[in-house]
Amino acid sequence: MGHLNLPASKRNPRQWKLLDIITAIFFGLVLLFFLLVFTPLGDSMAASGRQALLLSTSDPRQRHRLVSLVELGHHHKPIEACPANSVDHMPCEDPRRNSQLSREMNLYRERHCPLPDEMPLCLIPPPPGYKIPVQWPESLHKIWHSNMPHNKIADRKGHQGWMKKQGPHFIFPGGGTMFPDGAAPYIEKLGQYIPLTGGTLRTALDMGCGVASFGGSLLSEGILALSFAPRDSHKAQIQFALERGIPAFVLMLGTRRLPFPAFAFDFIHCSRCLIPFTAYNATYFIEVDRLLRPGGYLVISGPPVQWPKQDKEWADLQAVARALCYELIAVDGNTVIWKKPDGDSCLPNQNEFGLESCDESNDPSNAWYFKLRRCVTSTSSVNGEYPVGIIPKWPDRLTRAPSRALVMKNGIDLFRADTRRWTRRVAYYKNTLNLKLGSPAVRNVMDMNAFFGGFAAALVSDPVWVMNVVPARKPLTLGVIYDRGLIGVYHDWCEPFSTYPRTYDFIHVAGIESLIKLPGSSKSRCNLVDLMVEMDRMLRPEGTVVIRDSPEAIDKVARIAHAVRWKATINDKEPESHGREKILVATKTFWKLTSSH
């Protein structure tokens with residue numbers, strides 16, 4: 001076969017390919033440049049690209065790169081908005097993911113958080129038509145319909161007085177399934193059997209609370225009720241409660257202890273909460289017993305109390321209460337009231353549920369992702385004076401150092417110093433930094449690193465309530481907070497919090513970097529960018545954030561604040577305080593989605 005005489009350039013196919021590729025890339029880049037700069041395609045590609053980067057769970061490297069850029073202040077644009085359908089998103093209570101889990105003991109309705117790399121790195125937008133919320137105390141009775149336009153509860157429960165749509169508002173007549181005429185007459189009936197006035201009872205837990213009208217009505221009696229319900233078919237019930245300015249939290253009693261210390265509540269209430277207290281060998285009743293103070297009161301209204309076709313369940317409920325030596329105060333219609341014994345229950349004794357006392361190794365205040373135990377908490381497992389009637393009445397209990405402060409070395413002295421420190425600091429916040437604490441603009445407050453609750457105690461005369469959060473990896477001081485007559489929860493800030501978006505007016509954190517560090521180490525378990533995006537999710541538009549930390553930490557926080565669209569200033573600490581702290585004060589701007597979303 002003859003050979004063609006090719007030019008030199010054609011005889012080297014490798015060289016030809018290389019030149020061809022370089023030329024093609026050059027012209028391709030030029031074409032792409034013109035497309036991106038001079039056509040609408042550029043805008044849409046950029047937007048979809050940002051969304052892919054921020055919302056994709058498939059490439060953690062892209063996410064890590066963006067986090068690093070934001071932390072260094074090199075990401076000059078704000079973090080992108082999440083899609084419009086995410087306005088009510090709770091990452092750990094996402095039914096699309098959790099519905100795949102087991103139904104046994106309602107596991108699928110508990111907290112189940114995505115891995116950090118699977119979390120969308122974007123800012124939750126407000127719904128269309130969102131308005132700055134109605135201020136307290138007017139909000140107790142009405143809120144803007146446009147802030148959470150979910151009509152299902154009003155349609156299904158309106159005849160029971162839960163809530164109704166009226167013009168641009170939802171209104172709350174104060175009713176509930178077991179008290180359709182309003183919570184006030186129901187509470188008056190309970191007051192015949194329980195000391196609801198006079199300061200004997202202060203902390204209450206309202207289980208399966210609906211829109212929390214019961215807890216809202218107790219506030220006028222000086223009782224601070226923390227209301228909870230899971231995210232369910234009436235998905236916005238806790239969102240409604242918080243919009244009203246009532247302490248509330250998304251929570252499910254399933255396979256784990258509730259995130260509270262032992263003997264936290266003076267009074268526990270269930271009005272048709274549908275918790276099967278005697279199921280699984282009375283496991284849920286035992287959990288209620290762990291949370292209820294000796295001498296405290298348990299009220300259950302609705303099934304199975306004298307309820308048609310639930311005779312066995314009602315008999316079992318009474319049998320468990322007897323096994324734990326609860327005193328039956330009254331059975332009034334479908335409402336039963338028990339009083340827990342002041343000292344240890346009468347266990348161990350023979351009982352049909354096989355109940356036994358917990359052993360010494362079980363810390364009853366350890367309650368973060370702690371599996372439910374079928375054993376009864378003894379008073380000897382918690383140091384101190386905590387029974388109702390022994391601790392001072394409210395408000396005296398707020399300032400007296402409780403014996404549970406001894407969970408820390410020199411705890412009593414630390415408690416007193418902490419109380420003085422926060423009295424001084426809050427005065428500085430109000431008088432020098434001109435924060436809105438004490439004004440009608442602030443009702444729902446969170447302290448993300450509460451320790452002994454000193455910040456909340458210093459706000460006691462203001463028309464606010466404070467969710468005191470004790471980080472789960474720090475000393476378990478939450479019992480001290482409850483002994484003071486305040487409320488709160490355990491939480492790990494490397495995970496999202498169990499609340500709806502836009503539910504707090506004011507978020508406070510002292511030592512923000514400590515929330516993401518391994519205890520006793522400088523190594524981080526998660527990053528500040530994710531934490532501040534989560535703070536932004538919880539905060540209402542025009543809400544306030546106050547962060548205290550070292551100057552280095554505050555500089556980093558200020559860079560991230562710009563990326564999450566906060567307007568921030570850095571301030572000196574109060575003159576009397578020691579240390580190197582700076583104080584960042586930020587306001588969440590009220591932005592809305594553009595039509596491109």
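The values are calculated or read from the model by the stated rules, or taken from the named source; none is laboratory data. None of the values given here were measured: they were computed from a predicted structure. Positions of Cβ are generated from backbone atoms using ideal geometry, with glycine treated the same way; all protein chains shown enter the neighbour counts. Areas reflect the complete protein model, heavy atoms only, side chains present, ligands, DNA and RNA absent. Shrake-Rupley method; radii C 1.70, N 1.55, O 1.52, S 1.80 Å.
Within region 209-222, the set of residues being open to solvent by 10 Å² or more (accessible area, probe 1.4 Å) and in a loop (DSSP other than H, G, I, E, B) comprises Cys209, Gly222. All but one of (1) at positive phi; (2) open to solvent by less than 10 Å² (accessible area, probe 1.4 Å); (3) basic (Lys, Arg) hold for Arg293; state the number of the condition that does not hold. For Arg293, the exception is condition (1). Applying the condition of being under 17 Å from Ala553 (Cβ atoms) and among the charged types (D, E, K, R) to region 493-533 and asking which residue is surrounded by the fewest Cβ atoms within 10 Å (Cβ to Cβ) yields Lys523.
Do we find that Ile560 is in contact with a helix residue (DSSP H, G or I) (Cβ under 6 Å, 6 or more places away or on another chain), assigned to a helix (DSSP H, G or I) and surrounded by 22 or more Cβ atoms within 10 Å (Cβ to Cβ) in this structure? In short, yes.
Residues in region 114-126 that are open to solvent by 40 Å² or more (accessible area, probe 1.4 Å) and either in contact (Cβ under 8 Å) with a residue 24 or more places away in the chain or assigned to a helix (DSSP H, G or I) (or both): Pro116, Asp117, Glu118, Pro120.
Counting only residues that are closer than 18 Å to Val336 by Cβ, in a loop (DSSP other than H, G, I, E, B) and at pLDDT below 80, region 149-208 holds 2 of them.
Residue pairs whose Cβ atoms lie under 7 Å apart, separated by 6 or more positions or on different chains, with the first residue in region 409-423 and in a helix (DSSP H, G or I) and the second polar (S, T, N, Q) and open to solvent by 40 Å² or more (accessible area, probe 1.4 Å), are Thr419/Thr399.
Just one residue in the set Leu347, Leu317 is over 22 Å from Gly411 (Cβ atoms), open to solvent by less than 30 Å² (accessible area, probe 1.4 Å) and at pLDDT below 95; that residue is Leu347. On the stretch given as region 468-493, residues that are under 17 Å from the mean Cα position of the chain (by Cα) and farther than 21 Å from Thr200 by Cα total 11. Scan region 250-272 for residues that are out of contact with any strand residue (DSSP E or B) (no Cβ under 8 Å at 6 or more places or on another chain) and open to solvent by 10 Å² or more (accessible area, probe 1.4 Å) and the total you get is 1.
If you check Phe353, Phe370 for being closer than 13 Å to Thr278 by Cβ and of a type in the set (Phe, Trp, Tyr), only one passes: Phe353. Only residues that are within 28 Å of Leu584 (Cα to Cα) and either β-branched (Val, Ile, Thr) or open to solvent by 50 Å² or more (accessible area, probe 1.4 Å) (or both) were counted in region 400-438, giving 13.
For region 363-386, give me each residue that is over 18 Å from Gly411 (Cβ atoms), open to solvent by 40 Å² or more (accessible area, probe 1.4 Å) and not in a loop (DSSP other than H, G, I, E, B). If the condition is that a residue be over 18 Å from Gly411 (Cβ atoms), open to solvent by 40 Å² or more (accessible area, probe 1.4 Å) and not in a loop (DSSP other than H, G, I, E, B), then Lys371, Ser380 are the ones that fit. For region 78-100, the tally of residues that are farther than 14 Å from Arg111 by Cβ, in a loop (DSSP other than H, G, I, E, B) and not hydrophobic (A, V, I, L, M, F, W, C) stands at 7.
Listed here are the residues, each with its yes/no results for (1) under 21 Å from the mean Cα position of the chain (by Cα); (2) in a helix (DSSP H, G or I); (3) within 30 Å of Tyr297 (Cα to Cα).
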| residue | (1), (2), (3) |
| --- | --- |
| Val388 | no, no, yes |
| Arg404 | no, yes, yes |
| Ala427 | no, yes, no |
| Leu435 | no, no, no |
| Pro440 | no, no, no |
| Val466 | yes, no, yes |
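Quick check on region 224-277: of everything there that is under 18 Å from Met90 (Cβ atoms) and hydroxyl-bearing (Ser, Thr, Tyr), which residue is farthest from the chain's Cα centre (by Cα)? So the residue we want is Ser233.
Taken together, Ala225, Ala241 contain a single residue that is open to solvent by less than 10 Å² (accessible area, probe 1.4 Å), touching a helix residue (DSSP H, G or I) at 6+ places or on another chain (Cβ under 9 Å) and in a helix (DSSP H, G or I), which is Ala241.
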